[in-house]
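Quick notes on the structure that follows.
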Amino acid sequence: MEKIKTMKEEKKKNAQAPWADLNLSNEKLIKIYRDMLLIRRFEERAAQEYGKGKIGGFCHLYIGQEATGVGAIAPLREDDFIYTAYRDHGQAIARGMSSKGCMAELFGKATGVSKGIGGSMHFYDLSKGFMGGWGIVGGHPPLAAGSAFATKYQGRDSVTICFMGEASTNQGVFHEILNMAMLWKLPIIFICENNGYGMGTAISRAMAGEHLFEKAAGYEMARGAVNGMDVIEMYREMSVAIERARKESLPTFLEARTYRFRGHSMSDPGQYRTKDEIDEYKKRDPIETFGSALKQWNVLSESAIEKLEEEIKAEVQEAVEFADASPQPPIDVLYDHVYA
Amino acid sequence: MAVLQIREAINQAIDEEMERDSGVFIMGEEVAQYNGAYKVTQGLWKKYGDKRVIDTPITEAGFAGIGIGAAMTGIGVRPIVEMMTWNFAILAFDQIINHAAKASYMSAGQFKVPIVFRGPNGPAHMLGAQHSQALESMMAHVPGLIVMTPSTPFDAKGMLKAAIRDDNPVIFMESEMMYGNKGEVPEEEYIIPIGKGDIKREGTDVTIIAWTKMVAVALKAAEELQKEGINAEVLDPRTLRPLDEELIIESVKKTNRCVIVEDSWPFASVGTEIAHRIHTIAFDYLDAPVEKINSADIPMPYAENLEHAALPSSEKVIAAVKKVLYR
Ligand SMILES: Cc1ncc(C[n+]2csc(CCOP(=O)(O)OP(=O)(O)O)c2C)c(N)n1
């Protein structure tokens, strides 16, 4: 049984770029950086628009966790599948869903990725294997295992990845699914985004035991923890896990240690964390960290980063204008699609 | 009389019952240190501490079962289990329906299950399909459960006290949209017995039956109808199981017409049962078939305009009233 090494905090001080062992072109590296930055700016703008009343309901931002989503999705193939919970904007963008369609969904417009029917928690794009977007804590991992079951059944070598919050691993069904995924050797990667809190509850108050990823030990599944604030480390560990799923049809459980910089949702004042704690994590901002590395290894210059910023600012602005100008869904779709 | 929000009235009921009986405790997600997702349990953790105000992991089936098991021992433990919303309580339906509701019957009365499951139920605003479900009909379907649905601070407090003191599993369904609603609550203790409805507005021309959030919709419709000379009675059953059949039949015998308003789905709803009872018991008194206004028979859409179209409204109630009045 292979066990992935627990993350190493200190950077290797060698003469090589952190991605030297990975087959990553400069173009791909820049794309990874751009995706993270786009998610950040998209989410910041979503928060503003929520404040203006343009977005309703529950809205969970991905700010702080960008490296986890982008690093996990970047090594996937187009025919792979992605499942996630309600904190889904970032992963949708990382999968190449348009910022326009995503913003329009938040605005409840007909041009949204789920035609305004889903809302913030329910982004979907079957054509991109983006299976959403689910609101019940612990509800979607079984579906993700079902996706892995189906691809294996049909003899395809697609893999399924399943994001989930650390608090959802306390639900009973999580254990049912880990058991079956291993028992039936399903090509799936569970990515547990451990941001330390389930709403206002710190993980230590909700979970017995300290090592979250060892929950997979009882099922003898490949497992480990990874620095979810480091997009390259995410990419590397995911590549190994994807290979294992694709070639050997075996599951992996990855605990990505990350942090959300904002409240649980837009309605959470977040009084359960100290400012010091948040500031400490902000020092490890995944976008800044990766940006510095890209500069250090001459992949991106300062001016190129500024140019990217401008480009993304314009893209997000365009997304908001598009969402604003789009029509609400017509009332006559109300009863559409209750049944196939 | 003090003017309280519904959340404060519920809080008082819990607080007073915890003071009165050391066997009463509350557990659920975020009920302690966070003071409740909707601030219903504000201050209770500070007052009673970890032993009696308990934050749980997100494990609805697990902690519902722990509550039921604790209640069943017969050694004076009376849990209140907060469900962050009833949408999430679905995970605990096995514990509630297969276990809590049957323990007394299967043990030929050896076990009592004095437990309250409470939390917000029904659509709020733009929360989408998985977070906007009114599930009282599913609960009311089950023999062995009591289902209560308060609509005012006064009712919420008196009803919850009755629920906590009862020896049966009680499903207590509140509304997220109503927690801030204010109303008078007496200083002195009072109990509103299980199974007792209330006339929220007296009238003679038609009976509008509604509970929780729909009472306000019914009352608004009644005010509008008054302007047209139609005098509507608004009846709140308050407890859905057991139903205050007597009050309902009495009212319909007086008005001869009835409209039921609920924000649950129409198929096999509590309203369906009420309509059936009126049709069979008071058939000779009816001047028109009972009408029912429900949420649209669909999972709730997110878009504001669609959600509005899907929900019951005073306009829809007014139209239904006019229909039963042939106006
Ligand atoms: C079954 C269920 N219970 C409760 C909730 C309410 N809720 C939504 S998110 C959340 C916290 C989940 O935390 P975690 O799984 O760690 O994910 P994160 O929000 O940190 O991404 C809670 C309690 C829910 N949506 N579903």
Checklist entry - Within the stretch B:143-168, restricting attention to residues that are within 21 Å of residue B:273 (Cα to Cα) and surrounded by 19 or more Cβ atoms within 10 Å (Cβ to Cβ), which residue is nearest to the chain's Cα centre (by Cα)? => result B:149
Item to check | Of all residues in the stretch A:158-177 being β-branched (Val, Ile, Thr) and without any contact (Cβ under 8 Å) to a residue 40 or more places away in the chain, the one that is farthest from the ligand (Cβ to nearest atom) | outcome: A:177
Next on the checklist: Condition check: basic (Lys, Arg), outside any strand (DSSP E or B), free of Cβ contacts under 8 Å to residues at least 60 places away in the same chain and crowded, with 19+ Cβ neighbours inside 10 Å. Does residue A:295 satisfy that?
Outcome noted: no
Checklist entry - When you go through B:35, B:87 one by one, which is the residue that is open to solvent by less than 30 Å² (accessible area, probe 1.4 Å) and polar (S, T, N, Q)? => result B:87
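Specify which of the listed residues (B:102, B:157) is away from chain A (no Cβ under 14 Å), under 18 Å from residue B:197 (Cα atoms) and of a type outside the set (Val, Ile, Thr).
Working: B:102 fails: under 18 Å from residue B:197 (Cα atoms).
Criteria check complete, one pass: B:157.
Any residue in the stretch A:239-247 that is within 16 Å of the ligand (Cβ to nearest atom), among the small types (Gly, Ala, Ser), away from every other protein chain (no Cβ under 14 Å) and surrounded by 16 or more Cβ atoms within 10 Å (Cβ to Cβ)?
Taking the stretch A:239-247 and keeping what is within 16 Å of the ligand (Cβ to nearest atom), we get none.
Checked against the condition, which is being within 16 Å of the ligand (Cβ to nearest atom), among the small types (Gly, Ala, Ser), away from every other protein chain (no Cβ under 14 Å) and surrounded by 16 or more Cβ atoms within 10 Å (Cβ to Cβ), the stretch A:239-247 yields no hits at all.
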Checklist entry - If you check every pair at least six apart or on different chains, which have Cβ atoms under 7 Å apart with a residue in the stretch A:257-269 that is in contact (Cβ under 8 Å) with a residue 40 or more places away in the chain and farther than 20 Å from residue A:280 by Cα first and a residue that is away from the ligand (no atom under 11 Å from the Cβ) and among the hydrophobic types (A, V, I, L, M, F, W, C) second? => result A:265/A:59; A:266/A:47; A:266/A:59
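Considering only the stretch A:88-104, I want to know if a residue exists there that is under 19 Å from residue A:241 (Cα atoms), open to solvent by 10 Å² or more (accessible area, probe 1.4 Å) and in a loop (DSSP other than H, G, I, E, B).
In the first step, residues of the stretch A:88-104 are kept if they are under 19 Å from residue A:241 (Cα atoms); the result is A:91, A:94-95.
With the extra rule that they be open to solvent by 10 Å² or more (accessible area, probe 1.4 Å), the set shrinks to A:94-95.
Filter once more, so that each one left must be in a loop (DSSP other than H, G, I, E, B): A:95.
So far as the stretch A:88-104 goes, yes, one or more of its residues are under 19 Å from residue A:241 (Cα atoms), open to solvent by 10 Å² or more (accessible area, probe 1.4 Å) and in a loop (DSSP other than H, G, I, E, B).
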Item to check | Failed criterion for residue B:105 (all others in (1) assigned to a loop (DSSP other than H, G, I, E, B); (2) more than 14 Å from residue B:80 (Cα to Cα); (3) more than 16 Å from the ligand (Cβ to nearest atom) hold) | outcome: (1)
Checklist entry - Hey, residue A:180 hits all of (1) part of a helix (DSSP H, G or I); (2) within 15 Å of the ligand (Cβ to nearest atom); (3) more than 14 Å from every other protein chain (Cβ to nearest Cβ); (4) not hydroxyl-bearing (Ser, Thr, Tyr) but one; which does it fall short on? => result (2)
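Against the definition (modelled with pLDDT of 95 or more, open to solvent by 40 Å² or more (accessible area, probe 1.4 Å) and either among the acidic types (Asp, Glu) or within 15 Å of the ligand (Cβ to nearest atom) (or both)), how does residue A:220 come out, yes or no?
Working: modelled with pLDDT of 95 or more: yes; open to solvent by 40 Å² or more (accessible area, probe 1.4 Å): yes; either among the acidic types (Asp, Glu) or within 15 Å of the ligand (Cβ to nearest atom) (or both): yes.
Criteria met by residue A:220.
The values are calculated or read from the model by the stated rules, or taken from the named source; none is laboratory data. Just so we're clear, the structure is a prediction, and the values are computed from it rather than from any experiment. A quick note on method: Cβ atoms are made from the backbone with ideal geometry, for glycine too, and the neighbour counts reach across all protein chains shown. Surface areas here come from the heavy atoms of the whole protein model, side chains and all, with no ligands, DNA or RNA. Shrake-Rupley method; radii C 1.70, N 1.55, O 1.52, S 1.80 Å.
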